[in-house]
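The values are calculated or read from the model by the stated rules, or taken from the named source; none is laboratory data. Just so we're clear, the structure is a prediction, and the values are computed from it rather than from any experiment. We place every Cβ from the backbone using ideal geometry, glycine too, and count neighbours over all the protein chains shown.
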């Protein structure tokens, strides 16, 4: 599934290389497959980039999976208070 995310990310205009994206894509794929509600990250340039978000949404719709909410550490800390 991470491979599907990456291929679509590139088609949508994403510019980061596969090595740079792999860990982030695996995190989101695992979270979606395990039906996790959130992924906490400050990584705006890869994991939470616009092209990556579009790729997650499209692939997950096709696979009938829910997208995990990608939130910042600050948002997460706020949720815990």
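Inspect segment 9-20 for any residue being within 23 Å of residue 75 (Cβ to Cβ), at pLDDT 95 or above and not in a loop (DSSP other than H, G, I, E, B) and give the result as yes or no.
Checked against the condition, which is being within 23 Å of residue 75 (Cβ to Cβ), at pLDDT 95 or above and not in a loop (DSSP other than H, G, I, E, B), segment 9-20 yields no hits at all.
Name the residues in segment 24-49 that are out of contact with any strand residue (DSSP E or B) (no Cβ under 6 Å at 6 or more places or on another chain), modelled with pLDDT of 95 or more and either surrounded by fewer than 13 Cβ atoms within 10 Å (Cβ to Cβ) or under 13 Å from residue 65 (Cβ atoms) (or both), would you?
Matches in segment 24-49: 28, 29, 30, 32, 33, 34, 35, 36, 37.
Of all residues being in a helix (DSSP H, G or I) and under 9 Å from the mean Cα position of the chain (by Cα) in segment 55-80, which is farthest from residue 3 (Cα to Cα)? Just the residue, please.
In this case the residue turns out to be 57.
Are there any pairs with C-beta distances below 7 angstrom linking a residue in segment 61-73 that is at positive phi and surrounded by fewer than 12 Cβ atoms within 10 Å (Cβ to Cβ) to a residue that is at pLDDT 95 or above and outside any strand (DSSP E or B), with the two at least 6 apart or on different chains, and if so which?
Filtered contacts from segment 61-73: no entries.
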